[in-house]
Amino acid sequence: MNPRLQTRVQRYGWDKAAPYYEAGWKDSLAPAQDQLLEFGAAATGEDILDLACGTGLVTFPLADAVGPSGRVTATDLSDNMVDSIIAEAARRGMAHVNAFRADAENLHEVEDQSFDLVTCALGLMYCPDPAKAIGEAFRVLRPGGRAVFAVWGARNACGWADIFPIVDARVESDVCPLFFRLGTGETLAAEMATSGFTQIQSERLNTILPYSDDRAAIDAAFVGGPVAMAYARFDDGTKQTAEAEYLASIAPFKFDLGYRIPGEFVVCRGVRGEQSA
Ligand SMILES: C[S@@+](CC[C@H](N)C(=O)[O-])C[C@H]1O[C@@H](n2cnc3c(N)ncnc32)[C@H](O)[C@@H]1O
């Protein structure tokens, strides 16, 4: 897919997904986000940049960790995600959290060497060129600073993965053509090393996507995530056939009325060495 088109589809798709995102994904993403927070080890007073922040499931724990003497800057491609962070920061009285819209691949608003920690939880898979985003994270880190990235794991370990071919068969170009690439083998760690990160640590972990019934599984997959833009444009008949195909693909994970779908994450941490220019 043309990279600019992929980015636009993601931007406006996540705008649509924003109100439904946490209901569909919060529980199942927690193992990756917890590992990312543990690897990040944010300390009081630090300056943190949270890329692809979404509704703030990682941003706000980071803000708690740094406290008011620190600063958390949250960025996302989607205006609606950024607006939800700004509203939630105000509701929590967190003046040390600020947010603005930015593509993780091009952080031109952010000065070189200005953060102690850069995080990106479950965002890199949506970038047409994730190496650029990893390079940008390296650029904006101070020497000695850390980056932590979490991505979905290997395709065959993610029981919900057929959502992509099911949607792609009904649109002109693939929604996220390389979605599982970074989570396959040691690809994410290797990309980090190529960008200059050292002391790389990597964890592969499992999760379960729990849905109480067909509707909850369908809404998470089609409405609360990366295919929301394509799905919104389907007519009713196309929606029905796509949903039926998706339910057939997750049938092996059905129990009673609900589902327990397996998933996998890879979380990597790296350091920008003190000597790096
Ligand atoms: C699965 S959500 C993750 C949100 C949050 N980090 C979390 O852990 O809950 C993916 C987020 O990536 C954002 N995103 C997608 N492509 C992006 C890009 N190129 N640059 C920045 N954010 C992007 C989406 O708008 C969405 O908010």
field: Shape call, the stretch 79-217: gyration tensor on alpha carbons, a/c limit 1.5
entry: oblate
query: Going highest first, how would you order 50-63, 190-203, 232-245 by mean Cβ packing within 10 Å?
result: 50-63, 190-203, 232-245
- prompt: How much mean residue ellipticity at 222 nm does the chain get from its helices, if each DSSP H run of length 4 or more adds -39500 (n - 2.57) and you divide by all residues, to the nearest 500 deg cm²/dmol?
  reply: -12000 deg cm²/dmol
query: Given the C-alpha centroids of the stretch 1-77 and the stretch 219-277, what is the distance between them in whole angstrom?
result: 17
message: Full-extension gain between residue 96 and residue 238, please, as 0.36 nm times their residue separation minus the C-alpha to C-alpha distance.
response: 46.6 nm
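Every number in this text was worked out from the coordinates using simple rules, so none of it is lab data. Nothing here was measured: the structure is a model prediction, and the numbers come from that model. Cβ atoms come from the backbone with ideal geometry, glycine included; neighbour counts cover every protein chain shown.
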